[in-house]
1. Could you check the spin-label model distance between residue 122 and residue 192? Points 7 Å from the Cα along Cα→Cβ, value in nm.
2. Using packing as a proxy for protection, rank 70-79, 311-320, 333-342, 205-214 so that the peptide with the highest average count of other Cβ atoms within 10 Å comes first.
3. Grab the beta carbon distance between residue 285 and residue 253, set R0 = 45 Å, and tell me the FRET efficiency rounded to 0.05.
4. Give the value in nm², to one decimal: projected area of the alpha carbon convex hull of the stretch 144-228, averaged over all directions.
5. In the stretch 188-305, if every C-alpha pair distance is counted and binned at 10 Å from zero, what percent goes to each bin?
6. For the chain, what is the relative contact order in percent, using Cα pairs closer than 8 Å and at least 6 residues apart in sequence?
7. Given the peptides 398-404, 279-285, 62-68, arrange them by the average over their residues of other C-beta atoms within 10 Å, most packed first.
8. Considering every Cα-Cα pair within the chain, what fraction, in whole percent, is farther apart than 29 Å?
Ligand code: ADP
Ligand code: ASP
Ligand code: MG
């Protein structure tokens, strides 16, 4: 007998019929004699609707109340799945975050899990029940308020629960049958990977592949949770394995580049003619950091007059207006002649552990994009990835070009 955590995302529970299909997957595992905890997301589109209602209610709102609202989507699907399972003759109980409890810090809207007490779930297993857990949510112990884990957070609920329960496996069921070399909805030639290393998955997720929330990969890596990404749309009677996220050592065929990720959620800001002297970078980036605006790529151009320089950097698209307003309010202190912004840029990244031992990997990409007439606005590199900032209009062309360049296209 094994202990499993099965997680189903929004499209997999989009309506009652799909919830019934999810129940068939759960029944298969329960009938095989496994102890099963199921983590569910809200129905597809529900969380977006709830977020929009908060914004409609007031332009500025309390983040604890935002959490009270947006956590509700998962309560519905957890209850419905328990009802459907019971109807199929499988004893089941739903669990809201606070009932477990799943304890988080107080960072409403993007809380981190601090502790999960698995005792009640294990007791429920002993009673022969399937535990259906509402994903995405927890509770802050001191205030007793409901928290949420950030968008896509049900993945993290599932992996963290698997770690807390010492589960043998965590299966993340979604609307694609595994992790691909790039988003299969953008590149039809994308190839499904049988295995991908924790490190590469971490980079892919943080560079835009939303198939797993970044934190879920961190938790899987730290606690060594055996995690698969697989499809809920496969026939429940003939399950397929999907993609295993695993240690680098467990990957036999190592590629130089394993995947291409992209993020449209980027904006570029350039400050023209700032003084080329100590303290200027601090004058720009310290206030941004204090305002919790995450700066990613930074380029400082060597000046030709030795007195002034241009500084270009990127911020998340959602923070663009706030960053601009902040820098405009500090124009006198920073001392620049003009602020130029480009909210319509995209960051394209290539990821692969093989880059550690191969040189010249990125330069091939620069050449290939140049041949397609795509201008690269900024570049960053690190051990197992490099990223380029380009105009959003070229996203698909650039992703496809790199996908072919590194031999990732599916055959046929
Ligand atoms: P869920 O609602 O099940 O959590 P998500 O929409 O969050 O599902 O994540 C699944 C989606 O991630 C897929 O539909 C796919 O378009 C997208 N995706 C992006 N990059 C990749 C990739 N490299 N491999 C697989 N899917 C990817
Ligand atoms: N429902 C939440 C969201 O849409 C959490 C999740 O689906 O993982 O972000
Ligand atoms: Mg998701």
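Please treat every number below as a calculation from the coordinates, not as lab data. Keep in mind the model is a prediction, meaning the values are calculated, not measured. Counting neighbours? That spans all protein chains shown, and the Cβs are built from the backbone with ideal geometry, glycine included.
1. The answer from the label model is 3.5 nm.
2. Numbers: 70-79: 22.8, 311-320: 19.1, 333-342: 14.8, 205-214: 21.1.
Descending mean neighbour count gives 70-79, 205-214, 311-320, 333-342.
3. 0.65
4. Values: hull surface 24.7 nm².
The orientation-averaged projected area of the Cα hull of the stretch 144-228 comes to 6.2 nm².
5. Taking all Cα pairs of the stretch 188-305, the binned fractions are 10, 30, 24, 18, 13, 4, 1, 0 percent.
6. Numbers: 883 pairs, mean separation 57.1, N = 412.
Contact order relative to length: 14 percent.
7. Values: 398-404: 20.4, 279-285: 15.4, 62-68: 17.1.
Peptide ranking by packing, descending: 398-404, 62-68, 279-285.
8. Numbers: 42785 of 84666 pairs.
Of all Cα-Cα distances in the chain, 51 percent exceed 29 Å.
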